[in-house]
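Structure record follows, encoded as structure tokens.
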Amino acid sequence: MADPSQRKLIIAIDGPAGAGKSTIASRLARKLGYVNLESGAMYRALALSAIEWDSSFDDEAALLKMAQESSITLERAVGGNRVRLNGKDVSERIRQRDVTEAASRISVHPKVREWMVARQREMGIGGGVVMEGRDIGTKVFPDADLKIFLDADPVIREQRRLDQQQVKGAPAQAMAAELRERDRRDRTRAASPLVAAEDAIVIDSTNLTEDEVLNRIEQLVAQRIAPGR
Ligand code: DC
């Protein structure tokens, strides 16, 4: 019989911005020797393309065509994923504020989402992946071996984002308001709104350290690899 410890799982980590998904997914993947796929980076890359081509964020057909004609790739690299748009490394550019806002707007379109989901399935299908996003456990891999929904109190999530970007004062208030608006959009859009899958394990990271969250998930992974042990 195949050694169960060699099973390459598909691990889905979903949740809102600022809950700690990216850091946890990347640390977990490194520990397990898995690939960390950050699905939000693909929406961000398409959003950047729309900005560069001056395309409307509301034109679903044009966005789909742009997606179909672009090459958006995620590469595993030391220190995290690298993202390429048509061959160019856009990993830093896609973290900027205009792209963050645009990504939230283009991701409401069902046809754009279908295209993204198909690409993400291709990337993760062989297992040995930690994929993070908003709809991984509900749409991309509804049969994932382990589904985590990582959440935290909204005030804490905002504060974490502001600390990460070292923003204070009035710009911080504006950024916090933008985050709340993106959250609202993610949770209320008609196509694949952000919700925990029914069989997801919800972890509230409000009062947990990164190490504590990671330990909990590692225990769950161990149970999936060798049930009953
Ligand atoms: O995780 P992130 O902040 O990089 O995601 C950027 C945007 O993309 C976010 O506003 C929601 C959207 N997104 C999505 O709709 N589905 C995903 N699986 C990942 C991200």
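Quick look at the numbers
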{"read-out": "Residues located in region 57-81, provided they are open to solvent by less than 70 Å² (accessible area, probe 1.4 Å) and either under 11 Å from Ala45 (Cβ atoms) or of a type in the set (S, T, N, Q) (or both)", "value": "Met66, Ala67, Ser70, Ser71, Ile72, Thr73, Leu74, Asn81"}
{"read-out": "Single match in Ala17, Ala50 (criterion: within 16 Å of the ligand (Cβ to nearest atom), open to solvent by less than 40 Å² (accessible area, probe 1.4 Å) and over 13 Å from the mean Cα position of the chain (by Cα))", "value": "Ala50"}
{"read-out": "Filter pass, Leu179 being of a type in the set (A, V, I, L, M, F, W, C), touching a residue at least 60 places away in the same chain (Cβ under 8 Å), more than 17 Å from Gln96 (Cα to Cα) and out of contact with any Cys (no Cβ under 9 Å at 6 or more places or on another chain)", "value": "no"}
{"read-out": "Given (1) surrounded by 18 or more Cβ atoms within 10 Å (Cβ to Cβ); (2) assigned to a helix (DSSP H, G or I); (3) touching a residue at least 60 places away in the same chain (Cβ under 8 Å); (4) within 13 Å of the ligand (Cβ to nearest atom), number of the condition Ala41 does not satisfy", "value": "(3)"}
{"read-out": "Considering residues of region 201-229 that are open to solvent by less than 40 Å² (accessible area, probe 1.4 Å) and of a type outside the set (S, T, N, Q) only, the residue farthest from Arg27 (Cα to Cα)", "value": "Ala226"}
{"read-out": "Pairs with Cβ under 6 Å, 6+ apart, first in region 96-117 and of a type in the set (S, T, N, Q), second near the ligand (Cβ under 9 Å from one of its atoms)", "value": "Ser104/Arg182; Ser104/Arg185; Ser107/Tyr43"}
{"read-out": "Residue in region 188-200 that is more than 16 Å from the ligand (Cβ to nearest atom) and open to solvent by 40 Å² or more (accessible area, probe 1.4 Å) present", "value": "yes"}
{"read-out": "Tabulated pairs, region 66-78, first over 19 Å from Met131 (Cα atoms) and of a type in the set (S, T, N, Q), second open to solvent by less than 100 Å² (accessible area, probe 1.4 Å) and not in a strand (DSSP E or B), C-beta under 9 angstrom, 6+ apart or interchain", "value": "Gln68/Trp115; Ser70/Ala45; Ser70/Leu46; Ser70/Ser49; Ser70/Asn86; Ser71/Asn86; Ser71/Gly87"}
{"read-out": "Failed condition for Lys31, given (1) more than 10 Å from the ligand (Cβ to nearest atom); (2) surrounded by fewer than 15 Cβ atoms within 10 Å (Cβ to Cβ); (3) free of Cβ contacts under 8 Å to residues at least 60 places away in the same chain", "value": "(3)"}
{"read-out": "Among the candidates Arg161, Arg119, Arg182, Arg134, residue that is closer than 24 Å to Asn215 by Cβ, of a type in the set (Lys, Arg) and within 12 Å of the ligand (Cβ to nearest atom)", "value": "Arg161"}
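The values are calculated or read from the model by the stated rules, or taken from the named source; none is laboratory data. Only a predicted model underlies this, so the values are computations on that prediction, with no experimental measurement involved. All Cβ positions, even for glycine, are placed from backbone atoms using ideal geometry, and neighbour counts span all protein chains on display. These accessible areas exclude ligands, DNA and RNA; they are computed on the full protein's heavy atoms, side chains included. Shrake-Rupley method; radii C 1.70, N 1.55, O 1.52, S 1.80 Å.
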